[in-house]
1. Failed condition for THR246, given (1) in contact (Cβ under 8 Å) with a residue 60 or more places away in the chain; (2) over 32 Å from the mean Cα position of the chain (by Cα), with all others met?
2. If I ask for residues that are farther than 21 Å from CYS255 by Cα and crowded, with 21+ Cβ neighbours inside 10 Å, which ones from segment 199-215 would you list?
3. CYS264 fails exactly one of the following numbered conditions: (1) at pLDDT 90 or above; (2) away from the ligand (no atom under 15 Å from the Cβ); (3) not assigned by TED's automatic domain parsing to the domain that holds GLY402. What is the number of that condition?
4. Go through (1) over 30 Å from VAL217 (Cβ atoms); (2) in a loop (DSSP other than H, G, I, E, B); (3) modelled with pLDDT of 90 or more and name the single condition LEU302 misses.
5. Restricting to segment 321-352, and then to whatever is modelled with pLDDT of 90 or more and in a strand (DSSP E or B), can you tell me which residue is farthest from TRP135 (Cα to Cα)?
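The values are calculated or read from the model by the stated rules, or taken from the named source; none is laboratory data. Computed from a predicted model, the values in this text were never measured in an experiment. Heads up, the Cβs are rebuilt from the backbone with ideal geometry, glycines too, and the neighbour counts pull from every protein chain shown.
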Amino acid sequence: MASKPNPQTSTQLRRSTRLTSKRIPTTTPPSQPVPKNKTRDIEDCFSQDEADSVRASLLRWYDVNQRELPWRRKHGCGCAGDAKERRAYEVWVSEVMLQQTRVATVVAYYNRWMQRWPTVHCLANASQEEVNEMWSGLGYYRRARFLLEGAKSIAKEGRFPRNATELRGIPGIGNYTAGAIASIAFNEAVPVVDGNVVRVISRLKAISSNPKDSSTVKHIWDLAGQLVDKSRPGDLNQALMELGATICMPTNPNCTNCPVSDQCRALSLSRLETSTIKVTDFPPKVIKSKQRLEFAAVCVVLVQNDSCENQKHVTENFYLLVKRPENGLLAGLWEFPSVLVAERTDVESRRKEMDKYLKNLKLDFGEEFNLVSREEVGEYLHIFSHIRLRMHVELMLLTTKGGLNQLENQGQDCQVAWKFVHDSTMESTGLTSGIRKVYNMTREFRSKQMSTNIQEPKNKLKRMRS
Ligand code: SF4
């Protein structure tokens, strides 16, 4: 019998609900051997009967209950080469997106993506900028970058790799994505293990070891491999993931309606007369390492240009964006000018740091622009997987001295690339979710300011009249 896992806190349980629909791939290579000092019990594997019965129940359930999703659409004859490649591309894009966010959010992104780049060859001709724009809001832009690199490499080779081993040679495709594409599109009998599968299998076998340990991950890959159906590997893999996403939820599993409840060891342990075990004790929760706290000064530089068109006064707004370095966090993405600062800095020192940074852009603010105002907008805490970034946001409002020509330079001759973006195109510009939040904060701040400015003269007028 499996030993009882560590007790868990309610906070940890709440955190684990994020696993419900996001694909969280596991990373240990399936080929990694079990540590020599670790022997496996016969109970740690599925017997032939057990595997057959779990497989049959899962497929029966999946045939009736699978959700209709755009990437599950069949393309005419399933054996045609092009149809398989198309399916492989769709599975690939959807799986990468599902690693970022929930199914409901992914559907809209997926449909837009497929409309723009319906085949891997269309994607291969896209630019990184276009891909970033399309990915905007999904987060973790490295994945989008890898999708593009992968598409270019497939287009260069002239064919889509057709098995998991070859697929793992494409940039950005790991064990999880390779297994998903190979089994769903090319019918190869290989397993797929994401966070949902880890949870389902940990409960089916009441596995109480740390799900992040490489030996546990290897064990779960082996068990998933035992379950893979030779004739319908893609459906079986999707059924396991679907069960984890819709029935075997992290905190509130629906065991009453579960198609594999008869084979679930965690459930039978929880039903023992004096048992204090709950199915949600499996897999045991892993305490995350502490995120480091960082601080940044962010300056939203807004340039207004006034002109006259058809005897009408027109004001246009432009935002200054700078490009992040090509390596590291959020590589190659556009953002508002930002500098890291110490924990307790006052407004003055933050502005000094920012001024130094802006000077490096070789944009002559004094020469080319008039400073109208510089105000503190507020703070925003952005959480990355390993960093909590507290951003102090300010708004610098400028007007042009010599018209729009000054905004066209695009910062070619300095180390950091920069550009001015018209406010009408800010919505479609590929910004990270943190920068998008800063942009929205600033817009709110400006509209409050403008309504106060309108209110004040009205109030003054009222006072004068009374
Ligand atoms: S019986 Fe409950 S815990 Fe076991 S697999 Fe089904 S939903 Fe999950």
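1. Tallying (1) in contact (Cβ under 8 Å) with a residue 60 or more places away in the chain; (2) over 32 Å from the mean Cα position of the chain (by Cα), THR246 fails exactly one: (2).
2. First pass over segment 199-215, keeping only residues farther than 21 Å from CYS255 by Cα: 209-215.
Selection gives PRO211 alone.
3. Tallying (1) at pLDDT 90 or above; (2) away from the ligand (no atom under 15 Å from the Cβ); (3) not assigned by TED's automatic domain parsing to the domain that holds GLY402, CYS264 fails exactly one: (2).
4. (2)
5. VAL341
Listed here are the residues, each with its yes/no results for (1) among the aliphatic types (A, V, I, L, M); (2) in the same structural domain as TRP71 (by TED's automatic domain parsing); (3) within 21 Å of GLY234 (Cα to Cα).
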| position | (1), (2), (3) |
| --- | --- |
| GLU90 | no, yes, yes |
| TYR109 | no, yes, no |
| PRO118 | no, yes, no |
| VAL131 | yes, yes, no |
| LEU138 | yes, yes, no |
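The rows are residues; the columns are (1) touching an Asp or Glu at 6+ places or on another chain (Cβ under 9 Å); (2) surrounded by fewer than 17 Cβ atoms within 10 Å (Cβ to Cβ); (3) outside the structural domain of ASP229 (by TED's automatic domain parsing).
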{"position": "ARG159", "(1), (2), (3)": "yes, yes, no"}
{"position": "GLU166", "(1), (2), (3)": "no, yes, no"}
{"position": "GLY169", "(1), (2), (3)": "no, yes, no"}
{"position": "GLY179", "(1), (2), (3)": "yes, no, no"}
{"position": "GLU188", "(1), (2), (3)": "no, no, no"}
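Residue-wise test of (1) crowded, with 23+ Cβ neighbours inside 10 Å; (2) over 17 Å from ALA51 (Cβ atoms).
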{"residue": "ALA224", "(1), (2)": "yes, no"}
{"residue": "PRO233", "(1), (2)": "no, no"}
{"residue": "ALA245", "(1), (2)": "yes, yes"}
{"residue": "PRO259", "(1), (2)": "no, no"}
